[in-house]
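J.: Take this structure first; my questions come after.
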Amino acid sequence: MNSQNFKINFNVDKLPGLYLHVPFCIHKCFYCDFFSLTQVQDLDYFVQNLVQEIIIFKKEHNTKYAIDTIYFGGGTPSLLNPKNLEIIMRTLDDNFILNPSSEITLEANPGTLESLYLQDYKKLGINRISLGVQTFNDNQLKFLQRIHTSEQSIEAINKIRETGIDNLSIDLIYGLPNQTLENWKTDLSIATQIGAEHISAYNLIYEDGTPLKKALQKGKIKLIDEELEEKLYFELINQLSENQYVQYEISNFAKKGFESKHNSKYWEHIPYFGFGPSSHSFFKNIRSWNTKKINNYYSSIENHKLPVENKEILTKSDLFIERIMLQLRAKGLNNNEILKEFDIDILKVIKEKFPEINEYFIINENLISINAKGKYLINEIILKILN
Ligand code: SF4
């Protein structure tokens with residue numbers, strides 16, 4: 001790489017997004033490795049600290065940034081009552097310039113969604129709900145130790161629609177032990193029939209330290225057969241494409257115009273600021289993250305300090321690796337942009353490493369993207385490019 005001409009496109013001309021982490025859940029799901037605490041502590045106290053963090057951030061940056069996305073993630077943000085949410089939204093309004101067409105998402109658990117809350121959420125500006133359905137099969141919900149049934153998921157979807165929120169995303173998981181192709185077809189068919197504008201479908205991951213991984217290690221459960229896993233993946237792609245969903249990222253499918261603006265920032269190196277324990281921020285070439293320890297989080301804020309645990313300055317090489325990993329999973333690589341920013345002819349590299357380039361890639365002038373077969377083997381393909 002030519003370090004003298006180091007010029008990275010951070011997309012700073014695009015507006016940043018905000019991520020707010022609400023780290024409480026009623027029960028810890030079997031497979032989950034997100035940071036969340038099951039003792040739902042005093043939410044009012046948490047919210048007081050969260051808004052203080054926003055105020056300290058504004059003072060330290062001495063700038064009122066314009067933003068166009070807000071994402072309440074967790075944990076279970078649908079545990080916030082409208083009063084809590086109002087306090088947070090007012091603080092954001094005082095400390096940022098909120099673009100009028102902002103996408104404002106709140107993650108919700110079907111087991112905690114109150115109709116009355118929903119109406120107030122909408123009044124407070126929430127215009128997108130991401131609902132953690134995971135599956136419409138009650139046996140599989142029990143296996144995952146979710147706190148809700150499939151009936152509650154359908155009720156939650158009806159409540160969201162009655163409120164008039166017209167941007168609904170649902171999360172689904174596939175690749176569960178004992179899952180059959182028929183089960184998965186049914187999940188996808190219900191998801192498309194209820195007309196979710198956006199579907200995130202994740203292959204079950206056995207994260208280290210989770211009860212799920214321990215059960216696997218003890219031989220209490222078995223991985224599904226590779227051949228079946230491949231069938232589940234292609235069923236996903238085919239059924240959603242037949243129902244006019246576009247796969248705009250490896251695990252994300254949307255009806256036209258409903259791609260997640262917030263999550264796209266992560267894949268395009270657009271800045272974002274995180275608040276709440278364990279949240280991450282990315283600004284210019286620095287990635288920083290907050291402490292996960294709730295007591296340290298509270299004591300930092302009491303001392304008027306941002307609860308940042310650590311940060312890393314990404315080198316040109318780190319950014320190149322991230323660009324390949326993130327954009328190949330999403331909209332694809334722009335050969336000219338990569339050449340200009342990193343002095344690497346990525347098309348030439350790919351052609352050398354994959355003589356049968358059309359087997360996995362689609363080349364459209366300067367844009368290099370991957371086809372359905374390539375998407376299934378995405379991790380192996382990325383490794384081969386980066387090696
Ligand atoms: S509801 Fe979500 S964040 Fe909470 S334990 Fe379950 S998967 Fe994890």
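Nothing in this text is a laboratory measurement; each read-out follows from the coordinates by a stated rule. Just so it is clear, the structure is predicted and the values come from calculations on it, not from any experiment. Heads up, the Cβs are rebuilt from the backbone with ideal geometry, glycines too, and the neighbour counts pull from every protein chain shown.
J.: Quick one: work out Rg over Rh on the C-alpha atoms of segment 347-387, Rh as Kirkwood radius.
T.: Values: Rg = 9.4 Å, Rh = 10.2 Å.
Reported Rg/Rh, Kirkwood definition of Rh: 0.92.
J.: Oh, and also: Can you give the calculated 222 nm mean residue ellipticity of the chain, where each DSSP H run of n ≥ 4 adds -39,500 (n - 2.57) and the sum is split over every residue, rounded to the nearest 500 deg cm²/dmol? Before the final figure, lay out the partial values.
T.: Working: 15 runs with 160 residues, N = 387.
Rounded to the nearest 500, the figure is -12500 deg cm²/dmol.
J.: Also, I was wondering about something else. Antiparallel versus total DSSP beta bridges in the chain: what percent is that, nearest 5? Walk me through the intermediate numbers first.
T.: Numbers: 22 of 53 bridges.
For the chain, the DSSP antiparallel bridge percentage is about 40.
J.: Reported to two decimal places, what Rg/Rh ratio describes the chain when computed on Cα atoms with Rh from the Kirkwood expression? Don't jump to the answer; show the numbers that get you there.
T.: Values: Rg = 21.4 Å, Rh = 22.3 Å.
Rg/Rh: 0.96.
J.: What ranking do 201-208, 355-362, 79-86 get when scored by the average of other Cβ atoms within 10 Å per residue, highest first?
T.: Details: 201-208: 15.2, 355-362: 13.0, 79-86: 18.4.
Averaged packing, sorted descending, gives the order 79-86, 201-208, 355-362.
J.: Students often check this: by mean Cβ neighbours within 10 Å, which of 246-254, 14-22, 300-308 ranks highest, and how do the rest follow? Please report the intermediate quantities before stating the final value.
T.: Details: 246-254: 19.6, 14-22: 22.1, 300-308: 15.2.
With the highest mean Cβ count within 10 Å placed first, the list reads 14-22, 246-254, 300-308.
J.: Over segment 56-146, what relative contact order in percent results from Cα pairs under 8 Å that are six or more residues apart? Please list the in-between numbers first.
T.: Details: 96 pairs, mean separation 29.0, N = 91.
After rounding, I find 32 percent.
J.: Based on alpha-carbon centroids, what's the gap between segment 52-81 and segment 174-205 in Å, whole number please?
T.: Taking the Cα centre of each part, segment 52-81 and segment 174-205 sit 32 Å apart.
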